[in-house]
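Working notes, beginning with the structure itself.
The numbers here are math on the coordinates, done by the rules we state, and not lab data. Just so you know, these numbers come straight off a predicted model, no measurement behind them. So basically every Cβ, Gly included, is an ideal-geometry build from the backbone, and we count neighbours across all protein chains shown.
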Amino acid sequence: MDELKPCPFCSAAAVLKRNKVVCTNNGCGVEAWMLRAEDSIRVWNTRPREDAGVVDDAMVERALKALIQEEIEQFGYASTPYNGARIACMKTALVAALGKSNG
Ligand SMILES: [Zn+2]
């Protein structure tokens with residue numbers, strides 16, 4: 001059986017319940033429900049934007065963590081307050097650098 005990708009909306013883990021893939025975050029409620037389990041899994045795991053190499057929030061999150069880690073290694077501390085506005089700037093810069101957008 002294929003491994004289930006995290007929820008595309010909240011990044012929580014997903015589980016297969018009978019023939020339905022469901023997000024484990026009760027507040028989210030996203031599911032992929034086909035007649036056959038294998039079709040539900042295929043639908044759940046189909047992410048054309050991710051597969052096309054589009055910048056997504058998870059990529060920005062990884063880049064941010066790498067940047068902070070690099071800064072700490074270079075200077076012994078992270079100099080920048082990494083808040084929502086800073087992360088939005090990074091996302092814009094990544095999209096501009098890669099020439100793609102998920103909007
Ligand atoms: Zn979810």
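If you take the residues of region 1-19 that are exposed (fewer than 15 other Cβ atoms within 10 Å of the Cβ) and outside any loop (DSSP other than H, G, I, E, B), which of them is nearest to the ligand (Cβ to nearest atom)?
Ranking the candidates gives VAL15 first.
From the set of residues in region 77-100 that are in a helix (DSSP H, G or I) and touching a residue at least 40 places away in the same chain (Cβ under 8 Å), which is farthest from the chain's Cα centre (by Cα)?
Ranking the qualifying residues of region 77-100, first place goes to LEU98.
Do any residues in region 28-52 that are on the phi > 0 side of the Ramachandran plot and of a type outside the set (Phe, Trp, Tyr) have Cβ atoms under 9 Å from those of residues that are in a strand (DSSP E or B) and within 16 Å of the ligand (Cβ to nearest atom), where the two are at least six apart or on different chains, and which pairs are they?
GLY29/VAL22; GLY29/CYS23
Consider ALA32 carefully, then state whether it is within 15 Å of the ligand (Cβ to nearest atom), surrounded by 11 or more Cβ atoms within 10 Å (Cβ to Cβ) and in a helix (DSSP H, G or I).
Details: within 15 Å of the ligand (Cβ to nearest atom): yes; surrounded by 11 or more Cβ atoms within 10 Å (Cβ to Cβ): yes; in a helix (DSSP H, G or I): no.
In short, no.
Yes or no: region 57-76 includes at least one residue that is at negative phi, assigned to a loop (DSSP other than H, G, I, E, B) and either more than 16 Å from the ligand (Cβ to nearest atom) or of a type in the set (D, E, K, R) (or both).
No, region 57-76 contains no residue that is at negative phi, assigned to a loop (DSSP other than H, G, I, E, B) and either more than 16 Å from the ligand (Cβ to nearest atom) or of a type in the set (D, E, K, R) (or both).
Test each condition in (1) exposed (fewer than 15 other Cβ atoms within 10 Å of the Cβ); (2) within 8 Å of the ligand (Cβ to nearest atom) for CYS23 and report the one that comes out false.
(1)
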